[in-house]
Structures are given as structure tokens and as C-alpha cells.
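Report on the following structure.
Please treat every number below as a calculation from the coordinates, not as lab data. Just so you know, these numbers come straight off a predicted model, no measurement behind them. Every residue, glycine as well, gets a Cβ built from its backbone with ideal geometry; the counts of neighbours run over all protein chains shown.
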Amino acid sequence: MINTLATALSSLSPEFATAVLATLPLTELRASLPLAMTVFELSVWDAYLYSIIGNSIPLFVLLWGLPPIVLFAKNHLPWLNRFFEKFLGHYERKYKEKYQKYGRLILFLFTMIPLPGSGVWTASVLAVVFQIKRSFAVQAIILGMLAAGVIVALITTGVLGGLSFLL
């Protein structure tokens, strides 16, 4: 899949292709950074910069765009409202107090750890679901993203080669 994406993006500049890959939910910077360094042959710093730029886009789109969509769905789509109440409402009620108390730390760690399913997209959705204050969520997710980028760059360059199974 990654090779297919890299081939599809090969007509773009390496910098723009890196940012696009970092924007996508399945790749984020965990794939864009290594591809930028190995396939697109960008320097570590350029790969890091364009990956961070691209990975920041979903953060703002989701934190500001998702709440109105959720509100609209709750008010106008009864079947989706039932889903929110049954599935997400359960988790919201169960963990909301902990998320309000430890939300920033959890969002930071969740974004920082380069594992499949974690990252900016999921952390942003969790921030919306658990109604974490946007300013807190933005700080935590950006710091986590910056840390994840350093970890992925260190793994890709071989400094933390023993952790390459995370990519």
C-alpha cells in the first residue's frame, strides 16, 4: 500500500508528496517521514518539517470541523444519534471524568507513541468526543506529534533501529 501511494505521488514535488502523506489518516507522519527520507531522498530536517506541516492539517480540520458535524448528526439523523449515544456515549460517560483530568497527558502520549491507530487523527477525534478544551487539545496533540516525529526520524536513521517494528 505504501509503495502504491509513493508511486501515485511521484509526480508531485517530494516536499508536497511528504505533506500529503502526512495528512492521510492511514499514513500520517509514521509513514511520510521514512518515505520522505528513503524514497523521496529529503534530508531529515526537510522530511520532518513537511511531515509536521502535513500532519497538522487534520488536527485543525477535525477539532473545528467535527463538532458541528456531530451536533448536526445528533439533531437531524436519529439513527446516527442512537449510534453516538449507544457506542460513544458509553465511553464518554465511563471515561469523561478521567479524560477531563488527564486528557492532555493522554492525548500527548497517544499521539507520541508511533503505533498503528494512534496519532493526530485519532487523538483529535478523542478530544472532540471527550470535549477536551481545544486549546489544551491542540497543545497536547502538537507536542505529541513533534515527539512522534523525532522518534520516527531516529528509528528511520537507525539511531533507534531496535524499535523499527513500530513503523
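Within the listed set Val138, Val150, Val120, the Gaussian network model of the chain (springs between alpha-carbon atoms below 10 Å) gives the highest mean-square fluctuation for Val150. In order along region 134-151, the phi-based Karplus estimate (6.51 cos²θ - 1.76 cosθ + 1.60, θ = phi - 60°) of 3J(HN,Hα) comes to 3, 4, 5, 5, 4, 4, 5, 5, 5, 4, x, 5, 4, 5, 4, x, 5, 4 Hz; Gly and Pro are listed as x.
A protection proxy built from the mean count of other Cβ atoms within 10 Å ranks the segments 106-117, 57-68, 73-84, 18-29, most packed first, as 18-29, 106-117, 57-68, 73-84. Computed from the alpha carbon positions, the gyration tensor of the chain leads to an equivalent ellipsoid with semi-axes of 31, 18, 13 Å, biggest first. Size descriptors for region 8-63, from the alpha-carbon set: Rg then Dmax equal 10.2, 33 Å.
For region 28-40, putting each phi into the Karplus relation 6.51 cos²θ - 1.76 cosθ + 1.60 with θ = phi - 60° gives couplings of 6, 7, 5, 10, 5, 5, x, 5, 4, 7, 9, 8, 7 Hz, in residue order, rounded to whole numbers and with x for Gly and Pro.
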